[in-house]
């Protein structure tokens, strides 16, 4: 037997026991005639004590132990003279009577400590060593806990975990599909699912009523900072539901998770229409932990004084409380910030509402104090506040103001990582116009149902039709999203027409789902959570990479196993495939 | 709201309530002035009643409802006059006051009944309709339950669910790998995992101590009757364990599952060495629900009387209790059975030990009663029993006898589907000689550790070295298997040498794992269960296909979605791939 206890288990009440422990050598310290070794495993650290006077041979051997050696020790639990109250096992140590090296270790390329000296690249390459560090172990263990709790909750709510296939069919629309050649069927390919969307809808047609799955999905696309080619979704679908049924069910689950995982009682989730979110926050995923809302002051500023404002479709302002004392340098920084390509504004106008009631602005040439006073009032600004104005096309400027708002929120410490403000954003537009292809695209996906009361506009003003689609947003992060689907065959046909599909195209791409719908599809709707994102939110992490055991880098590469990689010509021959030289 | 109750929920105590139900029309019956509609959902059936006299319009509409229409009804719960005690809701019916057709349905191509009239192919094509049938819903729900219980149990035992990547690396040995071209890295490929073996070992190096995952695995190979290109494993690994630790942990889990899922108390699992299993049952996965063991009677029969026996390396017999009265026809059937290519025997010798104490055999020409009496004694045969003998090469003949034994077990009703006899088969040979490539192959995989006491033979008689490898066998079905791994770097190197790898080849194929092992690998071992197989065993099903929601056929095709299928040339162009004509 390799151990009687783990390295996190022994307490003062165990003093006197003969125990066997196994683990990794965290560090070796010599203090006078004593040698202390910290032995580590997943469960904790235990101090081992060796005494040069009582057993010189053993103690000398212990002194030669290297970092990360794997050892098994036998000894007696003793009370420590100098206790360590930061450590669960800090009251005791093991007076070792014998030990065995189970495996030696080369010196790791970086320190296995909470704060390591290893850079990103090195730690990715030696991910198995990085995963020894406590912060990463904590992340993975929390991920496991969230997984377990999601399942428990959904099981109790009558949801059934049904595994849908990974080897599915590529569609002409599936430009981001990974395809998988088949040796048994040369010339033919499977595709890896971007989501189990179609299968979960089929399961509703099959009468499974409530389905869920925590499932890998795949997308072969250029990776933005925080995307992975394979990612995990909590995927759910319910039959015989309206939008509110879905929202209430998953509001319940989300509250439950925050309660059991973080001991946080979430407030009820407000529902905010997409249009309102855009007006008030300039974003379809507003961070409502703080105010600083967008104010449309277009009509106030367009008085024929300042050309740039006069010609803008929209002039908006946010009010930064207590920032009237911002220095020239600070204001320049903000101007630089909004001009960055990621934000894309032309310039920034500021108005300081000074403590003495006077105004100082970058547009003093064009507007007098009285006018600026009106702006301040419209924005709810008080003495000591700073107005920041952007102008241009409506939606674009709102988006830029939203980015500026978040930046100011960060600067002013308004985005408390320990506070959680959830929100349902609802009533998304059904369609969005694509300039490039000159046709409408489904904003969510082509099975999303329109609002019944907007149906009349579907042929005349399709861009105004709202969808039964919703996103779950927490602290400005989109955690999940879904919709109530179309179950009516006629409406589905009309949707495909609107999206510019011929009957043949619709049949080719979604034929089996449309066939299925002819055999009695129930009303249904669902949601998918980004599981990686949800877990990183619990941990207050910016990136999803640290909640994934073996992530890929932003070129889609696993640098630890060196993948993807070339394959043998024979493997391609078997598949009747040939590599073409890249020009 | 679509419903106040499900179709399986209402009881006599609900009589008088006004309810709303939604579901599928199972059938419509007209009885005099009444019309009865069975409404179905996942939870059950509820009878709807319509009365032509009290509401002719409504009743006439109900009479027009087709099979599988989706309807929503409002009505009052009433006590039935003729109750149906086979139905949970059989005491009540709904006196419907209004209903709405939520969706119409084409007539399904087969009946949605427990026993359907649809053939295999048709049901695969319309899998979403087949999945409406109760037996398949029951299978999926049980699968969900097993999944939940496995997780609960392992969580309580300190196992952590860690997701390992699906996009991994192809190795030259990975002839059965599915490969996945990468658009971001043209000319390079990922591979889909045949198992997470390497990653779970890395997680042990990382100190996760106890890992599990219920995970999809992939194998691109010719599919035998009951294989799928994608299948699901319960994959587990533990650090600081010896073989018995692993066996005890998973014996515990298996017992727990049988208890909570089937209410079956499994006995303790015997451990049977591979060599013993082969001798006694001719199989490394013996069905021990019944005896009828193999008897080696080689020395008894080799008396220079019968050439075929004399020249055979092995002559074995099984004793079929009470079968001495088998007819000529029955014996001919058995002879035909063993001569089938799947069994491959040359012929069958029988010896009847008649009730009157006389013998009748197919080798009466060569052996007298006294000699046959000795055989009967060696096989523990009594009057009325039948001996069945096969001869030839040792292992091959044992395997044939094993197949015959199972056939006789079936014929004699000795393989009770409600009885479960689990067994650990242990001490598998470490290596097996491959005639074709003329080298040793790892029987399990190249990381499997040899028995310490056999190590001395590793260079002299490698075929005799036993491994710390084990299979979990229940009722003759291999449900899981695993091994204690090699954690010693030197031993691992020796193994690769034995398997005929050069250092370079070993480095190329397993480099990152061997690298990882240099940084302090703990002793570790694990197991993987075939999850599909386990679930089908609980249900007493022969095939795993009916416990998979959307299975593929034995050509690896999903006939419902028509996959795999050709892809657009543009998709291949993006990947710098070209299709080669099949000759």
Quiz item: Is there a residue being more than 10 Å from chain A (Cβ to nearest Cβ) and touching a helix residue (DSSP H, G or I) at 6+ places or on another chain (Cβ under 9 Å) anywhere in region B:201-211?
Solution: no
Exercise. Count, please, the residues in region B:12-48 that happen to be out of contact with any strand residue (DSSP E or B) (no Cβ under 7 Å at 6 or more places or on another chain) and over 24 Å from residue A:524 (Cβ atoms).
Key: 4
Exercise. For residue A:114, indicate whether it is more than 21 Å from the chain's Cα centre (by Cα), farther than 30 Å from residue B:576 by Cα and facing chain B (nearest Cβ under 10 Å).
Key: no
Self-check item: Test: residue B:215 is outside any loop (DSSP other than H, G, I, E, B) and modelled with pLDDT under 95
Solution: no
Quiz prompt | Residues within region A:218-237 that are within 9 Å of another protein chain (Cβ to nearest Cβ) and assigned to a strand (DSSP E or B), tallied | solution = 3
Quiz item: Out of region B:172-187, which residues are surrounded by fewer than 18 Cβ atoms within 10 Å (Cβ to Cβ) and within 27 Å of the chain's Cα centre (by Cα)?
Solution: B:173, B:175, B:176
Self-check item: Hits in region B:93-107 (condition: assigned to a strand (DSSP E or B) and at the interface with another protein chain (Cβ under 7 Å from one of its Cβ atoms))
Solution: B:102, B:103, B:105
Quiz item: Looking at A:546, A:532, which one is more than 11 Å from chain B (Cβ to nearest Cβ), in contact with a helix residue (DSSP H, G or I) (Cβ under 6 Å, 6 or more places away or on another chain) and assigned to a helix (DSSP H, G or I)?
Solution: A:546
Self-check item: Selection count, region A:478-490, where residues are more than 8 Å from chain B (Cβ to nearest Cβ) and surrounded by 15 or more Cβ atoms within 10 Å (Cβ to Cβ)
Solution: 9
Quiz item: Any chance region A:134-146 includes a residue that's facing another protein chain (nearest Cβ under 8 Å), crowded, with 16+ Cβ neighbours inside 10 Å, assigned to a strand (DSSP E or B) and touching a helix residue (DSSP H, G or I) at 6+ places or on another chain (Cβ under 8 Å)?
Solution: no
Practice problem: Name the single residue, out of those in region A:502-519 being touching a helix residue (DSSP H, G or I) at 6+ places or on another chain (Cβ under 7 Å), crowded, with 17+ Cβ neighbours inside 10 Å and at the interface with chain B (Cβ under 7 Å from one of its Cβ atoms), that is modelled with the lowest pLDDT. | Solution: A:516
Quiz prompt | Verdict on residue A:40 being surrounded by fewer than 17 Cβ atoms within 10 Å (Cβ to Cβ), in the same structural domain as residue A:92 (by the TED database) and under 18 Å from residue A:80 (Cβ atoms) | solution = no
Self-check item: Scan of region B:558-575 for residues that are at the interface with chain A (Cβ under 7 Å from one of its Cβ atoms) and surrounded by 17 or more Cβ atoms within 10 Å (Cβ to Cβ), ordered by number
Solution: B:558, B:560, B:561, B:563, B:564, B:565, B:567, B:571
Self-check item: Counted residues, region A:327-346 - those being modelled with pLDDT of 95 or more and surrounded by fewer than 18 Cβ atoms within 10 Å (Cβ to Cβ)
Solution: 12
Self-check item: Positions within region B:150-199 being over 22 Å from residue B:230 (Cβ atoms), within 7 Å of another protein chain (Cβ to nearest Cβ), assigned to a loop (DSSP other than H, G, I, E, B) and in contact with a strand residue (DSSP E or B) (Cβ under 8 Å, 6 or more places away or on another chain), in sequence order
Solution: B:187, B:188
Practice problem: Exactly one condition in (1) more than 22 Å from residue A:132 (Cα to Cα); (2) away from chain B (no Cβ under 14 Å); (3) in a loop (DSSP other than H, G, I, E, B) is not met by residue A:10; state its number. | Solution: (1)
Practice problem: Filter region B:188-199 for residues that are crowded, with 24+ Cβ neighbours inside 10 Å and within 27 Å of the chain's Cα centre (by Cα) and give the result. | Solution: B:191, B:192, B:193, B:196, B:199
Quiz item: For residue A:555, all conditions in the list (1) on the phi < 0 side of the Ramachandran plot; (2) touching a residue at least 12 places away in the same chain (Cβ under 8 Å); (3) surrounded by 14 or more Cβ atoms within 10 Å (Cβ to Cβ) hold save one; what is the number of the exception?
Solution: (3)
Quiz item: So how many residues does region B:467-486 have that are in contact with a strand residue (DSSP E or B) (Cβ under 6 Å, 6 or more places away or on another chain) and over 17 Å from residue B:195 (Cβ atoms)?
Solution: 4
Quiz item: Only one of A:121, A:113 is assigned to a helix (DSSP H, G or I) and modelled with pLDDT under 95; which?
Solution: A:121
Practice problem: Considering (1) farther than 29 Å from residue A:353 by Cα; (2) in contact with a strand residue (DSSP E or B) (Cβ under 6 Å, 6 or more places away or on another chain); (3) modelled with pLDDT of 95 or more, say which one residue A:430 fails and leave the rest. | Solution: (3)
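The values are calculated or read from the model by the stated rules, or taken from the named source; none is laboratory data. Everything numeric here is computed off the predicted structure, so don't read it as measured data. Cβ sites come from the backbone with ideal geometry, for glycine too, and all protein chains shown count toward neighbours.
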